[in-house]
């Protein structure tokens with residue numbers, strides 16, 4: 001069965017925009033402020049921990065609402081529709097911004113909802129919510145937190161190589177590109193799981 005959170009990235013390997021690549025982090029600042037960069041953040045015990053990045057202003061709201069949703073799901077089995085819609089909106093914006101920051105796309109991401117070569121789809125849960133897994137969600141995510149520390153670090157190293165390759169050759173090496181897309185998918189599946197959008201445990205996979 002496919003995972004209920006899917007990330008689709010239209011490949012862009014050759015004929016890259018060297019100018020925007022050179023200044024990518026600067027160009028992405030507005031999106032970094034709003035939906036964060038490439039890192040790992042979790043919320044729990046009344047505080048927020050970050051490894052290698054933040055979730056931005058909208059992400060801070062989404063994580064606060066996840067705490068609210070934790071109570072509503074655990075005690076009533078319901079995920080408030082408005083909260084879910086906002087969280088999905090944040091995640092869709094985030095995948096576009098991250099694809100741009102990670103050099104996977106050259107097209108500047110829109111502010112809000114609009115067509116983009118990188119997309120995220122979240123399926124609605126089938127049947128009642130799993131209150132037990134929601135109740136201990138933070139603990140269930142620990143193996144992925146550990147894996148993502150190493151994956152995100154490896155991505156930062158390989159992205160520097162890719163950045164230089166694009167500036168010198170105008171192309172993103174296939175292997176490094178595939179690794180970047182895999183890290184993006186893994187990262188966003190885990191984030192959707194921690195934001196309580198899905199109950200299916202994320203796979204340890206790039207696909």
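Say whether the condition of being over 30 Å from residue 170 (Cβ atoms) and crowded, with 20+ Cβ neighbours inside 10 Å is met by at least one residue in region 91-104. Working first, answer last.
Of the residues in region 91-104, the ones over 30 Å from residue 170 (Cβ atoms) are 91.
Checking the rest, the ones that are also crowded, with 20+ Cβ neighbours inside 10 Å come to 91.
Checked region 91-104: at least one residue is over 30 Å from residue 170 (Cβ atoms) and crowded, with 20+ Cβ neighbours inside 10 Å.
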Candidate set: region 13-24, residues that are part of a loop (DSSP other than H, G, I, E, B) and touching a helix residue (DSSP H, G or I) at 6+ places or on another chain (Cβ under 8 Å); chosen: the one surrounded by the most Cβ atoms within 10 Å (Cβ to Cβ) = 16
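Right, residue 195: surrounded by 16 or more Cβ atoms within 10 Å (Cβ to Cβ), modelled with pLDDT of 95 or more and closer than 19 Å to residue 97 by Cβ or not? Even if it seems obvious, please write down each step before you answer.
Values: surrounded by 16 or more Cβ atoms within 10 Å (Cβ to Cβ): yes; modelled with pLDDT of 95 or more: yes; closer than 19 Å to residue 97 by Cβ: yes.
Yes; evaluated as a whole, the condition is true for this residue.
Return the only residue of 111, 145 being over 22 Å from residue 82 (Cα atoms) and surrounded by 12 or more Cβ atoms within 10 Å (Cβ to Cβ). Let's see the steps before the verdict.
On the way: 111 fails: over 22 Å from residue 82 (Cα atoms).
The match here is 145.
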Selection over region 36-75 where residues are exposed (fewer than 12 other Cβ atoms within 10 Å of the Cβ) and modelled with pLDDT of 95 or more yields a count of 2
Which ones in region 148-177 are without any contact (Cβ under 8 Å) to a residue 60 or more places away in the chain and surrounded by fewer than 15 Cβ atoms within 10 Å (Cβ to Cβ)?
-> 150, 154, 157, 160, 161, 164, 168, 169, 175
Residue satisfying condition, being at pLDDT below 95 and within 20 Å of residue 38 (Cβ to Cβ), within set 161, 190, 152, 181 | 152
Examine region 122-133 for a residue that is out of contact with any helix residue (DSSP H, G or I) (no Cβ under 6 Å at 6 or more places or on another chain), free of Cβ contacts under 8 Å to residues at least 60 places away in the same chain and surrounded by 14 or more Cβ atoms within 10 Å (Cβ to Cβ), and state whether such a residue exists.
-> no
Please name all residue pairs, on different chains or six or more residues apart, with Cβ atoms under 8 Å, provided the first residue is in region 3-17 and is on the phi > 0 side of the Ramachandran plot and modelled with pLDDT under 95 and the second residue is surrounded by fewer than 19 Cβ atoms within 10 Å (Cβ to Cβ) and assigned to a loop (DSSP other than H, G, I, E, B).
-> 15/170; 15/171
Can you pull out the residues in region 68-83 that are touching a residue at least 40 places away in the same chain (Cβ under 8 Å) and part of a loop (DSSP other than H, G, I, E, B)?
-> 77, 78, 79
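The values are calculated or read from the model by the stated rules, or taken from the named source; none is laboratory data. Treat the numbers as computed from the prediction; the structure is a model and nothing was measured. Neighbour counts are summed over all protein chains in view; Cβ atoms, including those assigned to glycine, are modelled from backbone coordinates with ideal geometry.
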